[in-house]
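Chemist: Before we start, here is the structure in question, set down as structure tokens.
Bear in mind these aren't lab numbers, they're just calculated from the coordinates by the rules spelled out. Remember, it's a predicted structure, so these values are computed and weren't measured experimentally. Backbone-built Cβ (ideal geometry, glycine too); neighbour counts: all protein chains shown.
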Amino acid sequence: MRPLIKDGRIVADEWDLLSHEALDDIDLTPAGPRQIVPLAQYGTHAEVLRTQGQRIAILLGPDDEPDAAAPYLADIGLVAIHFPSFTDGRGYSTARLLRARFKFAGELRAVGDILRDQLYFLHRCGFDAFSLRADQDLSAALNAFGDYAWAPLAGMVPNEGRGRIGQSSL
Amino acid sequence: MRFHDIGARARLGDEGEPGFEIFVGGGVGRTPMVGHCIKPFLPRAELLNYFEAILRVYNRYGRRDNKYKARIKILVKDLSVEGFAREVDAEWRHTQGAGSLIPESTFETMEAFFAPPAYGGARATDLAFVAPRAENRPFARWVERNVAPHRHPGHGIVTLSLKKTGVPPGDATADQMDLVAELAERFSGGEIRVSHEQNLILPSVALRDLYALWERARRNGLATPNIGLLTDVVCCPGGDFCALANAKSLPVAAAIQARFDDLDYLFDLGPLELNISGCVNACGHHHIGHIGILGVDKNSEEWYQVTLGGSEGERTRLGRVIGPSFAASDIPEVIERILQAYVRERLAEECFIDTLERIGLEPFKLTVYGERHEAAH
């Protein structure tokens with residue numbers, strides 16, 4: 001499985017991701033020990049999977065309202081937010097709401113059409129993990145977090161209170 | 001400001017505190033719209049909170065099914081200005097006073113980035129400025145057109161024109177850029193601004209240095225005294241360079257500049273904004289030119305549609321199409337006729353755009369289309 005960037009480092013991805021496209025014909029029995037499922041499936045399958053000893057996380061699409069995920073946030077350690085296209089910015093709002101309004105403190109992972117030049121801004125909005133598009137160079141992408149020497153709200157956005165990803169920490 | 005998705009106009013509140021007037025829903029392109037005010041006064045500390053609220057409302061309700069509709073302006077139209085403003089306020093209430101509130105200390109840090117240069121003792125009466133202006137007409141003309149007043153006495157704001165006839169508007173060579181950098185270091189505290197009119201601005205030059213600056217700029221093709229005049233054309237790269245274009249724009253700009261190369265005539269015409277776009281995406285901002293030209297494709301031929309009366313700034317408005325489009329070769333003559341109508345109708349000292357607003361499009365249409373226009377009605 002392709003590694004991802006988490007907390008400013010390249011790490012192995014321990015989670016299996018079920019995409020929205022796989023929704024209709026879902027078979028979770030062979031699922032791995034750590035499974036990300038779309039929000040719509042979470043309610044149905046969470047209990048079953050948990051009893052099988054699996055850890056579950058939620059995938060939110062651009063149309064999903066963060067409010068709908070709110071009841072589950074206390075039970076999960078990871079929310080993945082899907083960007084179907086790099087021009088679709090709705091996931092930024094979702095991330096900000098999860099962090100600021102719903103106080104979600106777990107891993108917030110950007111998945112989908114994620115490009116190197118977006119990492120700085122995604123991080124500023126609360127993402128701390130990034131599953132980049134396959135053609136993106138992960139090592140080179142790490143520099144993105146140091147793209148700007150100064151930011152108007154340094155130290156005030158949710159992520160930076162949780163341990164800043166910057167050149168200093170790399 | 002009113003032609004962007006979000007516009008912010010700096011202003012002072014009732015108590016003299018700094019803040020912004022906020023506009024949303026503007027834009028050019030295939031659906032040109034003038035933005036609307038949704039917040040007459042926003043304290044500056046709330047700027048990011050409020051912008052986030054705008055984006056969240058757009059992200060929640062904006063359309064994604066069609067990329068031409070996926071814009072704030074479309075949503076503002078759908079929800080109405082009042083409806084959009086209500087949604088933004090409701091979202092803003094969650095963060096107001098907290099969230100991304102910008103602390104005063106951050107403003108102080110930002111202000112330090114814009115510390116004024118050391119002005120020294122320059123005066124408007126310095127002989128090094130006054131003498132050449134009195135004796136050298138080309139220099140005096142350049143000062144009149146290309147140097148704007150500066151709030152600090154003895155200084156001026158210099159615009160280096162990138163609108164020399166025959167050079168694509170806004171283009172500069174590497175050597176010219178090196179020279180501009182050097183001029184900025186020597187005369188303007190190391191600062192250069194790029195204007196959306198496609199020129200370069202040296203924001204703070206002592207008047208006594210102007211002559212030396214002008215001589216070097218002029219020798220290098222950067223001192224055409226045409227800022228704000230007809231030949232200061234704003235133009236996109238058009239069909240010569242751009243894959244999206246329906247028509248070429250640079251040759252049209254060049255033909256107009258070549259036709260109107262008499263400085264006395266240009267100065268007599270006074271302030272006039274001409275904008276040219278090679279397609280409906282409107283990179284040349286033709287909707288907001290006093291005269292706008294839009295390249296269109298009709299049966300695989302390049303045609304040009306003319307709009308009049310667009311305006312940015314205080315009197316923001318969209319230009320209106322005057323009638324059927326023209327072949328490229330007709331455009332200089334069409335411009336000539338528009339200008340004839342203006343010169344004929346203007347009152348003393350009246351600018352083109354003021355005459356146009358006073359008398360309307362009809363006299364211009366008549367002069368351009370003559371009988372053809374009459375017959376069409």
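Chemist: Placing unit charges on C-beta atoms (Lys and Arg positive, Asp and Glu negative, everything else neutral), compute the dipole magnitude of chain B about its Cα centre in debye, rounded to 20.
Modeler: Values: 43 positive and 51 negative charges, 122 e Å.
With only Lys, Arg, Asp and Glu charged at Cβ, the dipole is about 580 debye.
Chemist: With no solvent and one equal point scatterer placed on each C-alpha of the stretch B:6-113, evaluate the Debye formula and give log10 I(q)/I(0) for q = 0.11, 0.24 Å⁻¹, two decimals.
Modeler: -0.38, -1.32
Chemist: What percentage of all Cα-Cα pairs in the stretch B:234-375 are separated by more than 22 Å?
Modeler: Values: 3534 of 10011 pairs.
For the stretch B:234-375, the fraction of Cα-Cα distances above 22 Å is 35 percent.
Chemist: In what sequence do B:Asp209, B:Asp178, B:Asp89 fall when counting other Cβ within 10 Å, fewest first?
Modeler: Final ranking by Cβ density, sparse to dense: B:Asp178, B:Asp89, B:Asp209.
Chemist: If you take every DSSP beta bridge fully contained in chain B, what fraction is antiparallel? Give it as a percent rounded to 5. List each step's numbers first, then the result.
Modeler: Working: 35 of 41 bridges.
Given both bridge residues lie in chain B, the antiparallel proportion sits at roughly 85 percent.
Chemist: Give me the aspartates and glutamates in straight-line cross-link reach of B:Lys73: C-alpha distance below 17 Å, same-chain residues under 8 apart excluded.
Modeler: Straight-distance partners of B:Lys73: A:Asp88, B:Asp5, B:Glu52, B:Asp65, B:Glu82, B:Glu87.
Chemist: Among B:Ala118, A:Ala151, A:Phe127, flag the residue with its Cα farthest along the positive direction of the charge dipole of the protein assembly as shown, charges on Cβ as +1 for Lys/Arg and -1 for Asp/Glu.
Modeler: B:Ala118
Chemist: Please report the base-10 log of the normalised intensity I(q)/I(0) for the stretch B:184-224, using a Debye sum with one equal scatterer per alpha carbon and no solvent, at each q in 0.22, 0.26, 0.32, 0.33 (1/Å).
Modeler: Reported log10 I(q)/I(0), two decimals: -0.75, -1.00, -1.18, -1.18.
Chemist: Could I ask something else about it? Taking the alpha-carbon distance from B:Lys248 and a cut-off under 18 Å, which lysines remain once sequence neighbours fewer than 8 residues away in the same chain are dropped?
Modeler: Excluding near neighbours in sequence, the set is B:Lys163, B:Lys298.
Chemist: How are the alpha carbon pair distances in the stretch A:55-146 distributed across 10 Å bins from zero to the largest one, expressed in percent?
Modeler: 17, 53, 26, 4
Chemist: Still on this structure, I have one more. What relative contact order, as a whole-number percentage, does the stretch B:280-358 give when Cα pairs under 8 Å and 6 or more residues apart are counted?
Modeler: Contact order relative to length: 23 percent.
Chemist: While we're looking at this one, here's another question. Please give the net charge around A:Ala69, taking every other residue with its beta carbon less than 13 angstrom from that of A:Ala69, where Lys and Arg add +1 and Asp and Glu add -1.
Modeler: Result for the local shell: -2.
Chemist: Compute for the stretch B:127-219: radius of gyration divided by Kirkwood radius, i.e. Rg/Rh, restricted to C-alpha atoms, rounded to two decimals.
Modeler: Values: Rg = 12.7 Å, Rh = 13.4 Å.
Ratio of gyration radius to Kirkwood radius for the stretch B:127-219: 0.94.
Chemist: Which whole number gives the average, over all residues in B:51-62, of C-beta atoms from other chains lying within 10 Å of the residue C-beta? Each step should come with its number before you reach the end.
Modeler: Details: counts 0, 6, 0, 0, 5, 6, 1, 3, 10, 7, 0, 2.
Whole-number average of other-chain Cβ neighbours for B:51-62 is 3.
Chemist: Roughly what % antiparallel, to the nearest 5, for the DSSP beta bridges in the protein assembly as shown?
Modeler: That works out to approximately 60 percent antiparallel.
Chemist: To continue, here is another question. Could you work out the Rg to Rh ratio of chain B, with Rh taken as the Kirkwood radius (inverse of the mean 1/r over all Cα pairs)? Provide the component values of the computation, followed by the final result.
Modeler: Numbers: Rg = 23.1 Å, Rh = 23.1 Å.
My calculation puts Rg/Rh at 1.00.
Chemist: From the Cα trace of the protein assembly as shown, what convex hull volume per residue do you get, rounded to a whole Å³?
Modeler: Per-residue hull volume (Cα only) is 205 Å³.
Chemist: Pull the list of chain B cysteines that no other Cys approaches to under 4.7 Å, Cβ to Cβ.
Modeler: Singleton cysteines: B:Cys37, B:Cys235, B:Cys242, B:Cys279, B:Cys351.
Chemist: Over 32 Å between C-alpha atoms is what I'm after, so list which of B:Lys39/B:Lys69; A:Lys6/B:Lys69; B:Lys67/B:Lys164 land there.
Modeler: Beyond 32 Å between Cα atoms: A:Lys6/B:Lys69; B:Lys67/B:Lys164.
Chemist: Assigning unit charges at the beta carbon (Lys, Arg +1; Asp, Glu -1) and nothing else, what dipole magnitude in debye, to the nearest 20, does the protein assembly as shown show about its Cα centre?
Modeler: Value, rounded to 20: 400 debye.
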